[in-house]
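The values are calculated or read from the model by the stated rules, or taken from the named source; none is laboratory data. Bear in mind the structure is a predicted one, so any value in this text is a computation, not a measurement. Cβ placement follows ideal geometry from the backbone for every residue including glycine, while neighbour counts extend to all protein chains displayed. Please note that ligands, DNA and RNA were not included when accessible areas were found on the heavy atoms of the full protein model with its side chains. Shrake-Rupley method; radii C 1.70, N 1.55, O 1.52, S 1.80 Å.
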Amino acid sequence: MPEQIPQQQPNIEVPPGFTLHSENTTHILLPSDNGAFLNPVQEFNRDLSVACIRVWSEEWNRVKEARWRAAQEKKAKKPEKRLKDSKVAERSTEAKDKEFRMQKFVLLEALSATGLRAIRYAKEIPLVKYVIANDLSNAATEVMRKNVDINGFSEKPADPDVPGSKPTPAKVVVNEGDACALMYNHRADGSRVDVVDLDPYGTAAPFIDAAVQSVNDSGLLCVTCTDLSVLATTNYPEKSFANYGGVSLKAEYCHEAALRLVLHSLSTSAARYGRYIEPLLSLSIDFYVRLFVRVGSSPAEVKKVSSKISTYYVCSGCQSFYGQPLGRVIDKSHEGSGQPILQFKTHGGPPVSERCPECDSTLHLAGPMWSASIQNPEFIGKVLEHLEETPDKYGTVARMKGMLTVAKEELEDPFYFTPSKIAGTFHCECPPLGDVASGLLNSGFKVSRSHACPGSLKTTATRKEVHDLFRNWIKIHPVRTDKLSQGSPALVLLSKEAGAETDFTRHPDSVTASSRVKLVRYQQNPAPNWGPASKAVSGKRKRAAEDAGEP
């Protein structure tokens, strides 16, 4: 259950046909006819977004301040023939005495619905200059204007009793129109925004091209996709390819693959315009994925994109996977040469034969998808510091700390596995998670948890090396092979000898930081029917549906 932050009862008149909804610092009116979409369970998403954007804005200013100070020092040291030495010294002192002014940023929320998220951004993030809250629906923008007004963020006229007073601009600017058209209007240099938030009902795919062009360099792109029936299964491979440029996969690690498919789409869309992405935080949450990526412009970084994209051969029997990177980068730099000399080549392949080397089952192709790191531990660490400093600011802080702690520790290697799934493939007794982690660590491999699945592990070991661990486990806990059918993947796996012995002695690092403390790492049903709600419909569409006898 989300934690409840004490709320003061607002003095707001609720008109007929509306109900009052409160979340954190914000109170909004919700139409009872479903004219504007709001899912209360997404409070975690909104809390997380407020925290991440706030931390990004502080880091964004730190970088700007460092550049400003460097420029001031350079300016102070620059000799000028026309100035006497005393004037140069005076100017140098003035430069040191100047203070850097924190810069505020502009945020564009492309699909705002009720405006709750946009209003929370304006209220809870100190460095927000203003938020552009957009929606295509006339009913939604009408509701938004009411909500912006009751929260005090509408434009205020000049005070006639105060000479020289000026109107106070709106901190949340409501726009009614097509989201892509709005973002394309902000794609030129000088008109870009600093943060773009895409939180659609379904896929964000139609908005990605416009979004990656409308963000400033070093700006933040926040993306939600709720179409996990496309991203995290093989039910609709054609739809996955159409939306994200890659085919989804069916395996226990499908939710991590979903994140990597969306990152692939963001990366390739940005690369068309000489831009690149840097994933800061990528989470698979409940029934959706949420990603925070930094966007920049650099021809050199764009050239590296192909080396961060891979297709995968996934075994239909034991779920082993074999990556095929599309490109590779060769560093030809010499020591002391200064600038790096990089060569970009295609990658050799394929990495595996037509059948799985482990269990001889059929292989299926998945991807292409992002194969580099999906988390930035330094950034996540700063978000966690922010949560420690403001423990009462967010209603879902316990779960935020839990998921972020796991994400911070995650290895960048794809993908995770669960001992129970592999034990099921071997038809053996499932070893404890600590024994599996200790066995891998004692063999010299790295191990971490994955935020995307309870009881999961990520490791630098290959799937063959993980299978060898299970073969050694089976020596201690034998399996009856007489009940296995001929040609089953389990029989093929059991027929092979382990390449090396495994030491299952408990390793001191087998329990990670996220496991040592009691954290809410994974979702528990917060309320009945907590999944995706019905999509908002306009009054006209609703009346047409009722006339047709539809629910």
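Each other residue within a Cβ distance under 13 Å of residue 170 adds +1 if Lys or Arg and -1 if Asp or Glu, for a net charge of +2.
Placing unit charges on the Cβ atoms only, positive for Lys and Arg and negative for Asp and Glu, gives the chain a dipole magnitude near 1540 debye about its Cα centre. Checking the table 75/304; 304/382; 75/171; 250/308 against a 24 Å threshold on Cα-Cα, which pairs fail? The answer is 75/304; 304/382; 75/171. Just the number, please: percent antiparallel of the DSSP beta bridges in the chain, rounded to the nearest 5. Bridges in the chain that DSSP calls antiparallel: roughly 70 percent. Cross-link partners of residue 104 among aspartates and glutamates, defined as those whose alpha carbon lies under 20 angstrom from its own and excluding same-chain residues fewer than eight positions apart: 58, 59, 65, 124, 155, 189, 194, 197, 217. Put a dot 7 Å past the Cα of residue 364, heading toward its Cβ, do the same for residue 149, and the two dots end up 5.3 nm apart. Rolling a 1.4 Å probe over the protein heavy atoms gives the chain an accessible area of 49 Å² per residue. For residue 78, a cut-off of 27 angstrom between C-alpha atoms picks up these lysines, skipping any fewer than 8 places away in its own chain: 64, 87, 96, 98. Model label points for residue 100 and residue 460, set 7 angstrom from Cα along the Cα-to-Cβ axis, are 3.5 nm apart.
Note on segment 199-290: semi-axes of the ellipsoid equivalent to its C-alpha gyration tensor, largest first and rounded to whole Å, are 22, 13, 12. Near residue 490, once Lys and Arg are set to +1 and Asp and Glu to -1 for all other residues with Cβ below 13 Å from its Cβ, the sum equals +2.
Rolling a 1.4 Å probe over the protein heavy atoms of the chain, with every protein chain left in place, gives an accessible area that is 51 percent carbon and sulfur. What the Cα convex hull of segment 325-378 gives, in volume per residue, is 170 Å³. Taken along its three principal axes, the alpha carbon spread of segment 101-152 comes to 40, 21, 11 Å, from the longest extent down to the shortest.
Look at the Cα gyration tensor of segment 256-371: its axes a ≥ b ≥ c give a/c of at least 1.5 with a/b at or below b/c, and that counts as oblate. Peptide packing for 295-307, 129-141 was compared via the average number of neighbouring C-beta atoms within 10 Å per residue; ordered from the highest value, the list is 129-141, 295-307. Computed from label points 7 Å out along Cα-Cβ, the spacing between residue 412 and residue 162 is 5.1 nm. Restricted to Cα atoms, the chain shows a radius of gyration and a Dmax of 27.0, 97 angstrom.
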